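Only one structure is covered here, and it is reproduced in the block below.
The values are calculated or read from the model by the stated rules, or taken from the named source; none is laboratory data. The shown structure was predicted, so the numbers you read here are calculated from the model rather than taken from an experiment. Cβ placement follows ideal geometry from the backbone for every residue including glycine, while neighbour counts extend to all protein chains displayed.
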Amino acid sequence: MSISVIEVEKNGEIATVTLNRPEAMNAFSRELRGAIAEAFRDLQADNDTRVVILTGAGRAFCAGFDLKELASGSPDDAAFSQETDMQDAIAAFDRPIIGAINGHAITGGFELALACDILVASKEAKFADTHARVGMMPGWGLSQKLPRLIGIHRAKEISLTGNYITADQAELWGFVNRVVVPDELLPTCRTLAADIASCDDTVLRAYKKLIDNGYDMTFTDAMAYELTFAQEWMHKVTSGNISERREQVQKRGRQQNVQ
């Protein structure tokens, strides 16, 4: 019986997507790229799914493109088109994605991690951009996202050396939200996912869009965009909505011992 290169497990409002090529460090084969695109398109169509946790099987999150497969033939437009299809399917998913970085996230795998909204890393996680070492160029935003997250000088150090960055260094430099011991990785991500899923779904989707769109603008334009977005949103909200949500927020505050 063949083993699927990707596993999707749904538990209520939370879906866990696991890259399942552990023998190849979950490297992007043609089959895996197609499976990721299909999985995220299916999840986008599933309104019961509120949050996705993305992780890898075995000791790696994702080692990037399958260099053995690429070496068997020259990269072509079809391969690039398939990569773009995977990227577009993830970008089109309008709910939060938590990256559970269980191990190595290398080059294309690093880009996959940066496509997530929140990153939680195992102590065993390592990050590297080896584009300059394998003779390729990033095409999924790594060269633009990373400098905006950690500053241009740190980003250049990572990309122009190809050196590995530990999970603790990634947290210190600010592109990982938190670092946990391996056994706590998925439980931590599930707790975060449950917190997210407890918020209003319509607001969550709109808020993610607001943050992402504004991030691509200058600060001045983003501030104006937020104001317009908020004014338009207020026309959709009733006093009853606010009252109900206020009670829920107060109850949650008491549960979390917030004074």
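Taken over region 198-218, residues that are within 19 Å of GLN231 (Cβ to Cβ), assigned to a helix (DSSP H, G or I) and modelled with pLDDT under 95 amount to 2. The listed residues are PRO187, PRO182, and the only one of them that is of a type outside the set (A, V, I, L, M, F, W, C) and in contact (Cβ under 8 Å) with a residue 60 or more places away in the chain turns out to be PRO182.
The set of residues in region 26-58 being in contact with a Pro (Cβ under 7 Å, 6 or more places away or on another chain) and hydrophobic (A, V, I, L, M, F, W, C) consists of VAL51, ALA57.
Note on region 1-51: among residues that are among the aliphatic types (A, V, I, L, M) and in a helix (DSSP H, G or I), the one that is farthest from ILE97 (Cα to Cα) is ALA24. Among the candidates ARG148, ARG154, the residue that is farther than 26 Å from THR16 by Cα, in contact with a Phe, Trp or Tyr (Cβ under 6 Å, 6 or more places away or on another chain) and either part of a helix (DSSP H, G or I) or assigned by TED's automatic domain parsing to the domain that holds ASP94 (or both) is uniquely ARG154. Quick check on region 53-68: of everything there that is in contact with a helix residue (DSSP H, G or I) (Cβ under 6 Å, 6 or more places away or on another chain) and assigned to a strand (DSSP E or B), which residue is surrounded by the fewest Cβ atoms within 10 Å (Cβ to Cβ)? If we take residues in region 53-68 being in contact with a helix residue (DSSP H, G or I) (Cβ under 6 Å, 6 or more places away or on another chain) and assigned to a strand (DSSP E or B), then PHE65 is surrounded by the fewest Cβ atoms within 10 Å (Cβ to Cβ). Taking region 80-122 as the range and being assigned to a helix (DSSP H, G or I), among the aromatic types (Phe, Trp, Tyr) and surrounded by fewer than 24 Cβ atoms within 10 Å (Cβ to Cβ) as the test, only PHE80 passes. Taking each residue of region 209-230 that is surrounded by 13 or more Cβ atoms within 10 Å (Cβ to Cβ) and looking for partners that are of a type in the set (Lys, Arg) with beta-carbon atoms closer than 9 Å, six or more apart or interchain, yields PHE229/LYS209. Apart from one condition, GLY12 fits all of (1) surrounded by 15 or more Cβ atoms within 10 Å (Cβ to Cβ); (2) more than 15 Å from the chain's Cα centre (by Cα); (3) modelled with pLDDT of 95 or more; the exception is (1).
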